[in-house]
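Structure record follows, encoded as structure tokens.
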Amino acid sequence: MARAPAAVSAPLEFSAERLQAYLRREIPGLEGQMRLERVGGGQSNPTFYVSFDNRALVLRKRPVGANLLPFAHAVDREYRILNALAGSDVPVPKTVLFCASEDLIGTPFYLMERLDGRILTHFSLPEVRREERRAMYFSMAETLARLHGVDWAARGLADYGKPDKNYYARQLVRLKKQWDMTKLEDNPDIDRLMDWLPRHLPPPEETTVIHGDFRFGNLMFHATEPRVIAILDWELSTLGPPLNDIAFSCMHWHTGPDEFGGILGLDLEALGIPTREEYLDHYRLAGGSDRRLTVFHLAYALCRISILFDGIGSRGRDGSAAGKEAAEYGALAPRMARRGVEVLEAAGA
């Protein structure tokens, strides 16, 4: 049974002794010696288990390195959104503290409570029984619907993003800048997508809180039940159109098992996995947006993840990626772009 990501051994780029002294000053009642373990699997903000005899915590920090995008790795935004959603029906971990100073461990960081649950990264869900899989997909859909139903203004998030109708136009400009800054090599499929997308912007949508990276790997499920108990890794969250999240959570129906854990080509009925349309229907039934997924949204999601993967590969090359698998993600970038072009071609676009 899969649990939270395993801790891995790796040299620390900061003093554990200084961190422990700081935490003992800031968090009353900590007992025993601090145990610090780097968590494997993250490709952006380095994550650590911080354990005392009576407290189990998680630390998230910015990475170090020269090849960092100016608008990425915003741990302060992660901390803010977690606090804003506390007490809502959106499941999030409880925060403990935020440190804005770079003097202590080299970057800002925050701490949250560590939860006991399962993180499942592959969309075929091989770690669980067939009977659980459909319920897990539907819990994912229900959780996304609850997120999109949050009254963001009442939660103090009116300035968390731009609640306007130009989201995709702005994001495409940003993606182009990111691609130009980090690309490992030329890619005609990305060029084709980046040419087609700005010329086929969808009609304006409503504004909701969006996670920006909503998928199984960023959800924690109950240890024994097929239900989501927390949404994790909020660094890409903002205000925007709900179809951005919906398309991102659906793109795995369009990618293969060796392409970031996709399910294209698998026997979904035999696996107990709902179709994409069943997943979307359940999302709408749970109160989510009734907007329909379009070719634009899927192509945008695949283009975006291709550029994100290319950026991870670039950071791996200069040593600033949080995980050692950065080169593998970089190699996935052209394959995801190819899937995006296939979406266009299948629709005659």
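Please work out which residue is modelled with the lowest pLDDT, limiting yourself to the stretch 162-188 and to residues that are closer than 21 Å to Ala326 by Cα and acidic (Asp, Glu).
Looking at the filtered set, the residue picked out is Glu185.
Condition first: farther than 23 Å from Ile119 by Cα and either touching a Phe, Trp or Tyr at 6+ places or on another chain (Cβ under 8 Å) or not assigned by TED's automatic domain parsing to the domain that holds Ser314 (or both). Now tell me which residues in the stretch 206-225 satisfy that. Can you show your working first?
Just the residues of the stretch 206-225 that are farther than 23 Å from Ile119 by Cα, to begin with: 206-208.
Listed by number, the residues that qualify are Thr207, Thr208.
This table checks each residue for (1) over 23 Å from Pro274 (Cα atoms); (2) touching a Gly at 6+ places or on another chain (Cβ under 6 Å).
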{"site": "Arg130", "(1), (2)": "no, yes"}
{"site": "Glu142", "(1), (2)": "no, no"}
{"site": "Asp159", "(1), (2)": "yes, no"}
{"site": "Lys176", "(1), (2)": "yes, no"}
{"site": "Glu185", "(1), (2)": "yes, no"}
{"site": "Ile190", "(1), (2)": "yes, no"}
{"site": "Arg199", "(1), (2)": "yes, no"}
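Hey, any hits in the stretch 237-253 for a residue that's in the same structural domain as Lys165 (by TED's automatic domain parsing), at pLDDT below 95 and not in a helix (DSSP H, G or I)?
For the stretch 237-253, residues in the same structural domain as Lys165 (by TED's automatic domain parsing), at pLDDT below 95 and not in a helix (DSSP H, G or I): absent.
Does Phe138 count as on the phi < 0 side of the Ramachandran plot, touching a Cys at 6+ places or on another chain (Cβ under 7 Å) and touching a residue at least 12 places away in the same chain (Cβ under 8 Å)? Step through it out loud before you land on a result.
Details: on the phi < 0 side of the Ramachandran plot: yes; touching a Cys at 6+ places or on another chain (Cβ under 7 Å): no; touching a residue at least 12 places away in the same chain (Cβ under 8 Å): yes.
For Phe138, the condition - on the phi < 0 side of the Ramachandran plot, touching a Cys at 6+ places or on another chain (Cβ under 7 Å) and touching a residue at least 12 places away in the same chain (Cβ under 8 Å) - is not met.
Out of Ile246, Ile229, report the one residue that is farther than 21 Å from Ala299 by Cβ and either surrounded by fewer than 22 Cβ atoms within 10 Å (Cβ to Cβ) or out of contact with any strand residue (DSSP E or B) (no Cβ under 9 Å at 6 or more places or on another chain) (or both). If you could, list the steps in order and put the result at the bottom.
On the way: Ile246 fails: farther than 21 Å from Ala299 by Cβ.
Just a single option satisfies the conditions, and that option is Ile229.
Look at Ser314 and say whether it is touching a Gly at 6+ places or on another chain (Cβ under 8 Å) and of a type in the set (Ser, Thr, Tyr). Step through it out loud before you land on a result.
Details: touching a Gly at 6+ places or on another chain (Cβ under 8 Å): yes; of a type in the set (Ser, Thr, Tyr): yes.
When the stated conditions are applied, Ser314 passes them.
Please verify whether the stretch 149-158 includes one or more residues that are buried (at least 20 other Cβ atoms within 10 Å of the Cβ), of a type outside the set (Ser, Thr, Tyr) and either more than 18 Å from Pro241 (Cα to Cα) or not assigned by TED's automatic domain parsing to the domain that holds Leu239 (or both).
No: the stretch 149-158 contains no residue that is buried (at least 20 other Cβ atoms within 10 Å of the Cβ), of a type outside the set (Ser, Thr, Tyr) and either more than 18 Å from Pro241 (Cα to Cα) or not assigned by TED's automatic domain parsing to the domain that holds Leu239 (or both).
Take Leu264 and decide whether it is under 19 Å from the mean Cα position of the chain (by Cα) and either in a helix (DSSP H, G or I) or over 28 Å from Val150 (Cβ atoms) (or both). Steps first, please.
Details: under 19 Å from the mean Cα position of the chain (by Cα): no; either in a helix (DSSP H, G or I) or over 28 Å from Val150 (Cβ atoms) (or both): yes.
Answer is no for this residue.
The values are calculated or read from the model by the stated rules, or taken from the named source; none is laboratory data. The structure displayed is predicted, hence computed values, not measured ones. Here Cβ is always computed from backbone atoms with ideal geometry, including for glycine, and neighbour counts include all displayed protein chains.
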